[in-house]
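The values are calculated or read from the model by the stated rules, or taken from the named source; none is laboratory data. The structure displayed is predicted, hence computed values, not measured ones. Here the Cβ is made from the backbone with ideal geometry for all residues, glycine too, and neighbour counts use every protein chain on show. Note: accessible area is taken over every heavy atom of the protein model, side chains too, but ligands, DNA and RNA are not part of it. Shrake-Rupley method; radii C 1.70, N 1.55, O 1.52, S 1.80 Å.
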Amino acid sequence: MLPSPKLALVAEDNAALRRVIAFTLRNAGFEVTAACDGQVAWESAEHEAFDLVVTDQQMPNLNGLELVERLRASEHNSATPVVLLTAKGLELDLDRVREQYGVAEMLTKPFSPTQLSSVAEQLASQPA
């Protein structure tokens, strides 16, 4: 019997980058739900437990940290590892983001798909 695939939620408003992230995660063995903004991602997360969330920080309707706040207060995804993607890596303090929001990793754009794949596999394999 094959193990069930890990489930990943991707929240990214840039369609091309969203496709690249989803493709990268699928190649790493994840089943991917992709959302065009934080609100759409939150609507998915309200009903599904994910093994990993990859979210952009700057998005319309609900930004990445607002999404993480909701995830942390949710029934299904309060402990789900989150990778925060940002183009403003120098403006965000990773230690503060980790402590305040429980973000597991922050990747600064542009990042390599190999880097994302490696981080995703590592985080999803850790015990909850």
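Put +1 on the Cβ of each Lys and Arg and -1 on the Cβ of each Asp and Glu in the chain; which of Pro81, Ile21, Gln58 then has its Cα farthest toward the positive end of the dipole?
The Cα lying farthest towards the positive end belongs to Ile21.
Can you give the local net charge around Thr24? Use residues other than it whose beta-carbon is closer than 13 angstrom to its beta-carbon, Lys and Arg +1, Asp and Glu -1.
Numbers: positive: Arg18, Arg19, Arg26; negative: Glu12, Glu121.
Here the charged neighbours net out to +1.
Once you put a point 7 Å from the Cα of Ala49 and another 7 Å from the Cα of Gln100, both along the Cβ direction, what distance in nm separates them?
3.0 nm
Can you give the charge dipole size of the chain about its Cα centre, rounded to the nearest 20 debye, using +1 on the beta carbon of Lys and Arg and -1 on the beta carbon of Asp and Glu?
Magnitude of the dipole: close to 340 debye.
Using modelled backbone amide H atoms (1.01 Å from N, in-plane), which distant-in-sequence or interchain residues come within less than 5 Å of Leu107's amide H?
Residues meeting the criterion, in which the H sits 1.01 Å from N, are Leu84, Leu85, Thr86.
Give the residues of region 1-44 whose amide nitrogen is closer than 16 Å to a point set 7 Å from the Cα of Glu75 in the direction of its Cβ.
Only 43-44 pass the distance filter.
Grab the other residues whose beta carbon is less than 12 angstrom from that of Ala34, score K and R as +1, D and E as -1, and report the net.
Local net charge: -2.
Could you go through region 63-68 in sequence order and give the Karplus-derived ³J(HN,Hα) for each residue, using 6.51 cos²θ - 1.76 cosθ + 1.60 with θ = phi - 60°, rounded to whole Hz, and x for Gly and Pro?
7, x, 6, 5, 4, 4
Grab the DSSP H runs of the chain that are 4 residues or longer, score each as -39,500 (n - 2.57), total them, divide by all residues and round the 222 nm result to the nearest 500 deg cm²/dmol. Spell out each step's value before the answer.
On the way: 5 runs with 51 residues, N = 128.
Mean residue ellipticity at 222 nm (helix-derived): -12000 deg cm²/dmol.
Using a 1.4 Å probe on the protein heavy atoms, what percent of the accessible area of region 66-128 belongs to carbon and sulfur?
C and S atoms contribute 47 percent here.
Largest first, what is the accessible-area ranking of Thr114, Thr24 with a 1.4 Å probe?
Thr114, Thr24
How far is the Cα center of region 15-57 from the Cα center of region 65-117, in Å?
Each part reduced to its Cα centre gives a spacing of 13 Å.
Can you give me the convex hull volume of the Cα atoms of the chain, divided per residue and expressed in Å³?
Residue-normalised Cα hull volume stands at 101 Å³.
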